[in-house]
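Each remark here refers to the structure printed beneath this line.
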Amino acid sequence: MQRRSDLPLSVRVRFLTGRVSLDLSHTGGEGESARWEIVHTPGDLAHWLGVILGVDGLTAGPADLAAMRPLRTAITDTARSLAAGGSVQASDIATINAAAAAPPLVPALSAVGGGVGWVAPTTPAALSSIARDAVDLFAGPLASRIRVCASETCGLLLVDTSRPGKRRWCSMQRCGNLAKVRGHRQRAATP
């Protein structure tokens, strides 16, 4: 059985939740999350913000990396606390609000049907956009639908947008399928 940290990098980071704030939390962190860290340098930060937000041409410096780390920790801690039915730390709220107060990325229509581009994207604006997504998520009706994947080997955060609100897996194609296969094998092995 493979743990998330044992999987190749291309597999580990392929899963995007649809919420950029939670996607940032999946890039690593402090404590137990340190083993999944993929943002080691300012270049890594620019790359992964580009992946998460769909923004090309970002550059980042050491100050941007230093600004991202407490924001990512605050988002992760808040989401995990909400998923467990716990309370949120005032310091985490203050960190998210401070990052959200900066000007966000400014979208620009590139062509009708051609998608969205960005007007002079910067790393601080990208971090502000992520913080604003966190504000929207944590203050809205989906806050009670934040979950941690039920797989013992995963631990990714997700937002349960299913109608009945009973989603357990980050991805049915990934963790859900593996759990079903494990269950089937266990039942087949039992006389």
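The values are calculated or read from the model by the stated rules, or taken from the named source; none is laboratory data. Please read all numbers here as calculations on a predicted model, not as lab measurements. So basically every Cβ, Gly included, is an ideal-geometry build from the backbone, and we count neighbours across all protein chains shown. Calculation scope for accessible area: heavy atoms of the full protein, side chains included, ligands and nucleic acids excluded. Shrake-Rupley method; radii C 1.70, N 1.55, O 1.52, S 1.80 Å.
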Net length gained if the chain between residue 91 and residue 16 were fully extended (0.36 nm per residue, minus Cα distance): 24.3 nm
Ranked from the most accessible area to the least, with a 1.4 Å probe and all protein chains present, what is the order of 136, 92, 44? 136, 44, 92
Give the carbon-plus-sulfur fraction of the accessible surface of region 9-91 in %, rounded to a whole number; probe 1.4 Å, heavy atoms of protein chains only. 55 percent
Can you give the extra length, in nm with one decimal, that the chain gains between residue 32 and residue 136 once fully stretched, where that is 0.36 nm per residue apart less the Cα-Cα distance? 34.8 nm
With the other protein chains left in place, how much accessible area per residue, in square angstrom, belongs to the chain at a 1.4 angstrom probe? 54 Å²
Per DSSP helix of 4 or more residues, -39500 (n - 2.57); summed, then divided by the residues of the chain. What does that give at 222 nm, rounded to the nearest 500? -14000 deg cm²/dmol
Quick one: longest stretch of the chain between exposed loop trypsin sites (Lys or Arg not before Pro), exposed meaning at most 16 other C-beta atoms within 10 Å and loop per DSSP? 15-165
Under a crude label model (7 Å from the Cα following the beta-carbon direction), how far is residue 143 from residue 106 in nanometres? 3.1 nm
What does the extension gain come out to for residue 163 and residue 187, with contour length at 0.36 nm per residue minus their alpha carbon separation? 5.7 nm
Residue 151 - accessible surface, heavy atoms, 1.4 Å probe, Å² rounded to 10: 10 Å²
Helix 90-100 versus the longest principal axis of the chain: what is the Cα-based angle in degrees, 0 to 90, to the nearest 10? 50 degrees
Tell me which residues come under 5 Å, amide H to amide H, from residue 118 once H is placed; ignore anything under 5 positions away on its chain. 108
